[in-house]
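Q: First the structure, which I've put down as structure tokens, then a few questions once you've had a look.
The values are calculated or read from the model by the stated rules, or taken from the named source; none is laboratory data. Source: prediction; values computed, not measured. Backbone-built Cβ (ideal geometry, glycine too); neighbour counts: all protein chains shown. For accessibility, only protein heavy atoms count, side chains too; no ligands or nucleic acids. Shrake-Rupley method; radii C 1.70, N 1.55, O 1.52, S 1.80 Å.
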Amino acid sequence: MDSLDFAKLHADCETSHRFMVIYRIYSRSWNEAKAAAWNIAIEQSVECPYCMVEGTTIADTIVGKIEQLSPDGPEHYLSVISYTPEAVGAEFTEFINMLFGNSSLQKGVRLIAFCLPDEMNHTFPGPRFGQDGIRQLTGIHQGPILMSAIKPLGTPVSRLARMVYDLACGGCSIIKDDHNLFNQTYAPFEERVRACVEAVNAAYEDSGNRALYVANCNGDGEESIQRAWKARELGADGVMISPGLCGFGPLFRLSSNPDFSLPLFLHPSFAGPLTASDEAGITPFCYFGQLARLSGADASVFTSFSGRFSYTREECQSIARAAGMDMNGRKSMFPVPAGGMKWQLFPVMHETYGANTIFLVGGNLLTHSDSLKDSARFFRAEIDKLNP
């Protein structure tokens with residue numbers, strides 16, 4: 001967004017009654033880019049030949065409006081298109097549909113970012129807990145927080161629960177299910193959650209270390225929401241959902257329900273086709289930052305540079321910015337870099353993301369030594385060295 005003043009656009013949007021969306025268009029000329037922007041404005045709003053609405057109130061209100069169009073390097077243009085909140089109502093899925101529904105099928109169009117007017121604050125309030133709430137729950141009031149995962153797939157419940165106990169006793173503050181633990185016969189959902197809750201509570205009794213257990217609640221259709229409520233009933237400390245698999249709707253429904261009182265963790269599974277290409281899809285800034293936060297996620301897991309995945313350091317930094325930047329007064333969420341993280345990377349991770357970060361270390365912590373408790377203590381000590 002180097003050729004567009006995002007801060008000014010954000011300020012302009014706050015005084016507007018329309019939300020604004022930034023797209024990058026790959027075109028050979030200004031006229032071609034303008035035609036593409038107009039096609040986006042139509043496709044994302046009324047999705048019909050313009051002659052059907054020309055001269056009507058629909059054309060004046062519902063149809064997307066091109067607010068800006070500016071060059072962004074060779075054969076690249078940035079277009080700002082505004083839409084009316086009335087077309088979204090109170091449905092987060094329709095908001096995403098208006099951001100980038102049919103236009104996501106077009107080659108050479110990428111969703112960069114969006115800005116919201118004040119009137120959408122109540123509709124999409126964002127995280128309930130945010131960084132401050134998670135810090136209160138963990139008791140870690142400054143510096144990065146250590147998080148790990150129980151795995152691998154195929155491990156029986158008793159062993160998974162023992163891993164939770166050892167990690168918690170060793171000082172790991174947040175322990176989550178691996179993202180592929182659903183409801184398999186060797187680790188059924190309810191049995192697993194119940195055992196892991198008991199393990200994290202036993203660890204607190206035995207060691208004094210308070211850890212949060214986060215249950216993976218992905219499932220088919222309504223199953224993800226039902227599992228989240230069941231996890232809450234069984235005593236889990238948080239739930240994790242992958243919007244790439246289940247959509248952002250479950251996160252929004254849970255976060256906006258006043259009776260659901262657990263922090264929400266977003267997992268990046270299946271988000272690669274949406275975010276990994278420079279020529280199409282959605283920027284990591286928008287997907288893991290803006291959309292995650294607006295849907296109500298309190299922490300957003302993403303694959304960090306220097307791990308086994310392909311996002312650049314700049315893209316990862318942009319996610320952290322989106323997690324904490326001013327967003328019409330919404331609470332900040334935690335960025336959670338993951339994917340092949342090692343303790344040797346902690347200094348550069350701290351330099352890149354800052355102190356308000358959750359460091360998610362899975363396999364490298366689990367295989368660090370023969371004692372999971374000692375490994376957790378070691379990784380926790382390495383993080384503590386970063387605190388001022």
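Q: Do you know which residues across segment 21-38 are surrounded by 15 or more Cβ atoms within 10 Å (Cβ to Cβ) and either aromatic (F, W, Y) or within 19 Å of F114 (Cβ to Cβ) (or both)?
A: Across segment 21-38, the qualifying residues are V21, I22, Y23, R24, I25, Y26, A36, A37, W38.
Q: Can you tell me how many residues in segment 39-94 are open to solvent by 70 Å² or more (accessible area, probe 1.4 Å), over 30 Å from G296 (Cα atoms) and either polar (S, T, N, Q) or part of a strand (DSSP E or B) (or both)?
A: 3
Q: Out of all the residues in segment 345-353, is one or more out of contact with any His (no Cβ under 7 Å at 6 or more places or on another chain), open to solvent by less than 10 Å² (accessible area, probe 1.4 Å) and part of a strand (DSSP E or B)?
A: no
Q: Take segment 211-239 and flag every residue that is within 16 Å of D178 (Cβ to Cβ), among the small types (G, A, S) and open to solvent by 10 Å² or more (accessible area, probe 1.4 Å).
A: Correct list: G219 only.
Q: Now a separate question. On the given criteria, is R308 charged (D, E, K, R) and either buried (at least 17 other Cβ atoms within 10 Å of the Cβ) or modelled with pLDDT of 95 or more (or both)? Spell out how you get there, then give the answer.
A: Numbers: charged (D, E, K, R): yes; either buried (at least 17 other Cβ atoms within 10 Å of the Cβ) or modelled with pLDDT of 95 or more (or both): no.
Answer is no for this residue.
Q: Return the residues of segment 121-147 that are crowded, with 19+ Cβ neighbours inside 10 Å, touching a helix residue (DSSP H, G or I) at 6+ places or on another chain (Cβ under 9 Å) and not small (G, A, S); say none if nothing qualifies.
A: Scanning segment 121-147 gives F124, P127, R128, F129, Q131, I140, P144, I145, L146.
Q: Out of G247, G281, G208, G272, which single residue is touching a Lys or Arg at 6+ places or on another chain (Cβ under 9 Å) and surrounded by fewer than 24 Cβ atoms within 10 Å (Cβ to Cβ)? Before you say what the answer is, go through the steps one by one.
A: On the way: G247 fails: touching a Lys or Arg at 6+ places or on another chain (Cβ under 9 Å); G208 fails: touching a Lys or Arg at 6+ places or on another chain (Cβ under 9 Å); G272 fails: touching a Lys or Arg at 6+ places or on another chain (Cβ under 9 Å).
One residue alone meets the criteria, G281.
Q: For segment 148-173, enumerate the residues that are crowded, with 22+ Cβ neighbours inside 10 Å and of a type in the set (S, T, N, Q).
A: Passing the criteria: S148, S173.
Q: Looking at D118, D177 in this structure, which one is open to solvent by less than 10 Å² (accessible area, probe 1.4 Å) and of a type in the set (D, E)?
A: Values: D118 fails: open to solvent by less than 10 Å² (accessible area, probe 1.4 Å).
Criteria check complete, one pass: D177.
Q: Write out, first by first residue and then by second, each pair whose Cβ atoms fall under 9 Å of each other, whose residues are 6+ apart or on separate chains, and whose first residue, in segment 339-351, is more than 19 Å from S300 (Cβ to Cβ) while the second is among the polar types (S, T, N, Q).
A: Every condition considered, the pairs that remain are K342/S306; K342/N364; W343/N364; V348/S306.
Q: Another question, then. Of the residues that sit in segment 311-344 and are charged (D, E, K, R) and assigned to a helix (DSSP H, G or I), which one is most open to solvent (accessible area, probe 1.4 Å)?
A: Just the residues of segment 311-344 that are charged (D, E, K, R), to begin with: 313-315, 321, 326, 330-331, 342.
Then drop every residue that is not assigned to a helix (DSSP H, G or I), which leaves 313-315, 321.
Values: R313: 73, E314: 120, E315: 41, R321: 137 Å².
Only one residue fits best here, namely R321.
Q: Next question, about the same structure. Within segment 250-265, which residues are more than 14 Å from V214 (Cα to Cα) and either open to solvent by 20 Å² or more (accessible area, probe 1.4 Å) or outside any helix (DSSP H, G or I) (or both)?
A: F252, R253, S256, N257, P258, D259, F260
Q: Do we have any residue at all in segment 275-291 that's under 15 Å from M240 (Cα atoms), of a type in the set (F, W, Y) and assigned to a helix (DSSP H, G or I)?
A: Yes, the conditions are met somewhere in segment 275-291.
Q: While we're here: Collect the residues in segment 234-249 that are within 20 Å of F189 (Cα to Cα) and part of a loop (DSSP other than H, G, I, E, B), keeping them in residue-number order. Don't jump to the end; show me each part of the working.
A: Quick first cut of segment 234-249, residues within 20 Å of F189 (Cα to Cα) only: 234-243, 245-246.
Scanning segment 234-249 gives G235, A236, D237, S242.
Q: Quick check: is even one residue across segment 364-385 closer than 27 Å to P243 by Cα and not aliphatic (A, V, I, L, M)?
A: Of the residues in segment 364-385, the ones closer than 27 Å to P243 by Cα are 364-366.
Still in the list and also not aliphatic (A, V, I, L, M): 364.
There is at least one residue in segment 364-385 that is closer than 27 Å to P243 by Cα and not aliphatic (A, V, I, L, M).
Q: Find all pairs meeting these conditions: Cβ atoms under 6 angstrom apart; at least six residues apart or on different chains; first residue within segment 249-268 and closer than 24 Å to T303 by Cα; second residue at pLDDT 95 or above and hydroxyl-bearing (S, T, Y).
A: Hits for this filter: G249/T93; P250/S224; L251/S295; F252/S295; L264/S255; L266/S300; H267/S242.
Q: I would also like to ask the following. Being in contact with a strand residue (DSSP E or B) (Cβ under 8 Å, 6 or more places away or on another chain) and farther than 18 Å from I175 by Cα narrows it down to one of L262, L345, L274, so name that one. I'd like the intermediate steps shown before the answer.
A: Values: L262 fails: farther than 18 Å from I175 by Cα; L345 fails: in contact with a strand residue (DSSP E or B) (Cβ under 8 Å, 6 or more places away or on another chain).
Just a single option satisfies the conditions, and that option is L274.
Q: Now a separate question. Those residues that are over 17 Å from I150 (Cβ atoms) and assigned to a loop (DSSP other than H, G, I, E, B), I need them from segment 371-388; list them, please.
A: K385, L386, N387, P388
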